[in-house]
Amino acid sequence: MTGDPLFIDGVDLVDIGIMAAKVLVAFTFLLVATMFMVWFERKLISDMQNRIGPNVAGPWGLLQTFADGVKFFFKEDLRPENADPLVFRLAPYIAAVTAFLSFAVVPIGGSFGSGSSGTVTIFGRETYLQVADPPIGILLLLAMSSIAVYGVMLAGWASGSKYPLIGSVRASAQAISYEAALGMATVVVVILAGTLSTHGIVAAQAGGITRWFVLSSGVVPFIVFLIAATAELNRPPFDLVEAEQELVGGFHTEYSSIRFALFFLAEFMNVITMSAIMVTLFFGGPAGPILFGMTWFWPTVWFLLKVLAFLFVFVWFRATLPRLRYDQLMHLGWKLLIPLILFWLMFISLKELRAANDWNWIATYGAAFIALAIGTALLLAGLRAGDRAFQDELEEA
Amino acid sequence: MVAQNIFFGILSAIVIVSALRMVTTRNIVHAALYLVAVLAGLGALYVLLTAEFVATTQVLVYIGAVMVLFLFGIMLTKAPLGNEMEMTGKQWPLAALVAALLGGVTIYSLLNGFGSDRLVTDGPVYRTADVSDEVFSTYIIPFEAVSVLLLAALIGAIVLARKD
């Protein structure tokens, strides 16, 4: 946590108090936001499908999730006879804890640019409006999303029945496939920002919409990130993990009561966190105009509005797009997204290198184009040779 | 330093116990999970040494990719639930001997090389940029060699697996 000015000279009780308060606020915020996210999704989808949706518990059904949560608490906790007792209990916690942890590095406020570096003063101490700002910030998010796979995978295996197992095997294959595209889209942002710290990434985007990485990275990384994130979250149209028509309920078929609630919580929490990450990486985080007074207030409002826009997009996806078939999913991930983002990664690296070393425009891009042409020719020749060998074998057989 | 020592003790205990359980447990998925615990504990030890980048790489590569593939393979092939199989092979004394020898050599070379050196507590913090500068300048040839080796292994695996 070297980045946060809170910890620059020594730590005393006040610093620990501020830290504890930040953790508590982030935790509560996520829980409450998840509660309303479930309601938001159900209400929005019913609007898009000409239904009414939850409308009984509380005004406009706002308390529906709360009622569901209470119900979950009082249900019997079932465990299948074949289940592996220890791993069956462990899996929901892995899912929930990783979902909570990744939110720690997201900056949720603070005004950046024009002299201010995003610090906020609490009790006479300067600090960032994020729980932690480790120097490896964005890698922590990727690490957490790769650990989250364990929750799904172990849940499916430990249930000791076939549908959850198929669901979890699909989930792990899908997560591994799309993590590569997700990671490389993040690397493009890291190259542009020159830092891994989430605070640094937001600070690098300060100063107007044109500096937001969604535009200065050329939109492609953002689109790849959005698609890969949807797949990583197992949200429609990539929800093969729990395809109701094929797998009953997917990896959590055998879970009931509060353990199921933990999975449910983790799923929606991850949607919120992923939206927050996209806002941080590509949309300048809390950047936005300070309208009047209160400089600490407006950035948080802009941040929340941007996150809300992404939550809407995720729900919109779910309401409108049909589920992909398994081979289409793999085709999209390996043959389209990864080559595209690899190409874009090299292009952005070359662009940055040229700018840093002041190389000649024509020479740089000319050399790159020739190298690309030779590479493509070699690849095509190899593919054609492989095809011919395959055809020969077929004719012989 | 006191806090570091306490956490070092706790983490080492976790790593050692998990390592022992990994080789003694009879459930193959549990063994893989204990291996995850060992790798996670090592990652935490790297954090204690202020090598945060190495720690996250440990989590991303070993826990996030290698062990997921391990478990993936185990679950698809042989992980009958609740079926405790005999997992101790006939050559276990030989394997124990090799492990002991390897451990001995490592400990000896560490003691020989660093012996009474103390960890510099207020030394430089290694930033990710430093690590990448080293990898792409001083160690560029080993780095490229490893990349080519991995690519060859990947293609080799596909050639072996394809039977058409």
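Can you give the calculated 222 nm mean residue ellipticity of chain A, where each DSSP H run of n ≥ 4 adds -39,500 (n - 2.57) and the sum is split over every residue, rounded to the nearest 500 deg cm²/dmol?
Dividing the helical sum by the residues of chain A leaves -22000 deg cm²/dmol.
In percent, what relative contact order does the range B:2-82 have, based on Cα pairs under 8 Å that are 6 or more apart in sequence?
The normalised contact order for the range B:2-82 reaches 29 percent.
Calculate the mean, over all residues of peptide A:143-150, of how many other protein chain Cβ atoms lie within 10 angstrom of the residue's Cβ.
6
Rank-order A:337-350, A:69-82 by packing density, defined as the average count of other C-beta atoms within 10 Å over each peptide's residues, highest first.
The peptides rank, most packed first, as A:337-350, A:69-82.
For the range A:27-41, just list the computed ³J(HN,Hα) in residue order, Karplus coefficients 6.51, -1.76 and 1.60, θ = phi - 60°, integers in Hz, with x standing in for Gly and Pro.
4, 5, 4, 4, 4, 5, 4, 4, 4, 6, 4, 4, 4, 4, 5
For q = 0.06, 0.07, 0.12 Å⁻¹, what log10 I(q)/I(0) does the protein assembly as shown give under the Debye formula with an equal point scatterer on each alpha carbon and no solvent?
Computed log10 I(q)/I(0) values: -0.35, -0.48, -1.46.
Please give the length that would be gained between B:Phe143 and B:Leu49 if that part of the chain were fully extended, namely 0.36 nm times their separation in residues minus their C-alpha to C-alpha distance (nm, one decimal).
Computed gain between B:Phe143 and B:Leu49 is 31.5 nm.
Of the candidates A:Asp84, A:Asp133, A:Asp327, which one comes out as most mobile in a Gaussian network treatment of chain A with C-alpha springs shorter than 10 Å?
Looking only at A:Asp84, A:Asp133, A:Asp327, the biggest GNM fluctuation is shown by A:Asp327.
Under the √(5λ) rule applied to the eigenvalues of the Cα gyration tensor, what semi-axes describe the equivalent ellipsoid of the range A:297-397? Give them in Å, descending.
Gyration-tensor ellipsoid for the range A:297-397: 39, 31, 7 Å.
Which value results when the Cα radius of gyration for the range B:2-82 is divided by 2.2 N^0.38 Å?
Rg over 2.2 N^0.38 Å, computed on Cα atoms: 1.21.
Take the Cβ-Cβ distance between A:Tyr93 and A:Leu305 as r, set R0 to 35 Å, and report the resulting FRET efficiency rounded to the nearest 0.05.
0.60
Got a sec to turn the phi values of the range B:99-112 into Karplus ³J(HN,Hα) couplings, 6.51 cos²θ - 1.76 cosθ + 1.60 with θ = phi - 60°, whole Hz, x for Gly and Pro?
Karplus-based 3J(HN,Hα) across the range B:99-112 equals 4, 4, 4, 4, x, x, 4, 4, 4, 4, 5, 5, 5, 5 Hz.
Buried accessible area between B and A (1.4 Å probe, both chains summed, ligands and nucleic acids excluded), in Å² to the nearest 100?
In total, this chain pair buries about 2200 Å².
What is the spin-label model distance, in nm, from A:Phe36 to A:Ala377 if the labels are put 7 Å beyond Cα along the C-beta direction?
6.0 nm
Can you tell which of A:Phe303, A:Leu142, A:Ser168 lies farthest toward the positive end of the dipole of chain A, using +1 and -1 charges on the Cβ of basic and acidic side chains (Lys, Arg; Asp, Glu)?
Result: A:Phe303, furthest along the dipole toward the positive end.
Which residues does a label at A:Ser349 reach in the range A:358-397, if reach means a backbone N under 18 Å from a point 7 Å past the Cα toward the Cβ?
Flagged as within label range: A:358-359, A:364-376.
What is the distance, in nm, between label points placed 7 Å from the Cα along the Cα-to-Cβ direction at A:Asp358 and at B:Arg162?
Result: 4.9 nm between the two label points.
For the range A:372-380, take each phi angle, set θ = phi - 60°, evaluate the Karplus expression 6.51 cos²θ - 1.76 cosθ + 1.60, and give the result in whole Hz per residue in order, putting x for glycine and proline.
Working through the residues one at a time gives 4, 5, 4, x, 4, 4, 4, 4, 5 Hz.
For chain B, what is the relative contact order in percent, using Cα pairs closer than 8 Å and at least 6 residues apart in sequence?
18 percent
Given the whole protein assembly as supplied and a 1.4 Å probe, what does the accessible area of A:Trp316 come to in Å², nearest 10?
The accessible area comes out at roughly 120 Å².
Rank by packing, highest mean first: peptides A:97-107, A:135-145, with packing defined as the count of other Cβ atoms within 10 Å averaged across residues.
A:135-145, A:97-107
Pairs of lysine in the protein assembly as shown with Cα under 26 Å and at least 8 positions apart or on different chains: total?
The number of close lysine pairs in the protein assembly as shown is 10.
Output the relative contact order of the range A:5-348, whole-number percent, from Cα pairs under 8 angstrom with separation of 6+ residues.
Across the range A:5-348, relative contact order equals 23 percent.
I'd like the mean, over residues of B:51-58, of how many other protein chain beta carbons sit within 10 Å of each residue's own Cβ.
Shielding by partners across B:51-58 averages 4.
Figure the gain on full extension for B:Ala95 and B:His30 (residue separation times 0.36 nm, minus the Cα-Cα span) and round it to one decimal in nm.
Taking 0.36 nm per residue and subtracting the Cα distance, the gain is 21.3 nm.
State, in angstrom, two size descriptors of the range A:248-319 derived from its alpha carbons: Rg to one decimal place and Dmax to the nearest whole number.
When restricted to the Cα atoms of the range A:248-319, Rg and Dmax are 16.5, 53 Å.
For a quick protection proxy, order the peptides A:351-362, A:219-230 by their average other-Cβ count within 10 Å, most packed first.
A:219-230, A:351-362
What nm value, rounded to one decimal, do you get for the distance between A:Ala368 and B:Thr77 when each label is placed 7 Å out toward the C-beta?
4.3 nm
Along the charge dipole of the protein assembly as shown, Cβ charges K/R +1 and D/E -1, which of A:Thr28, B:Val54, A:Leu336 sits furthest on the positive end?
A:Thr28
How large is the helix-only mean residue ellipticity at 222 nm for chain B, computed as the sum of -39500 (n - 2.57) over DSSP H runs with n ≥ 4, divided by its residue count, in deg cm²/dmol to the nearest 500?
Mean residue ellipticity at 222 nm (helix-derived): -23500 deg cm²/dmol.
Evaluate the Kirkwood expression for the hydrodynamic radius of chain B, namely the inverse of the mean inverse distance over all pairs of different C-alpha atoms, and round to one decimal in Å.
19.4 Å
Write down the Å³ per residue value for the convex hull defined by the alpha carbon atoms of the range A:59-218.
202 Å³
What average number of partner chain Cβ atoms lie no more than 10 Å from the Cβ of the residues making up A:158-168?
1
The values are calculated or read from the model by the stated rules, or taken from the named source; none is laboratory data. Because the structure is a prediction, the values reported are computed rather than measured. Cβ sites come from the backbone with ideal geometry, for glycine too, and all protein chains shown count toward neighbours. Side chains included, ligands, DNA and RNA excluded: accessible areas come from the protein's heavy atoms. Shrake-Rupley method; radii C 1.70, N 1.55, O 1.52, S 1.80 Å.
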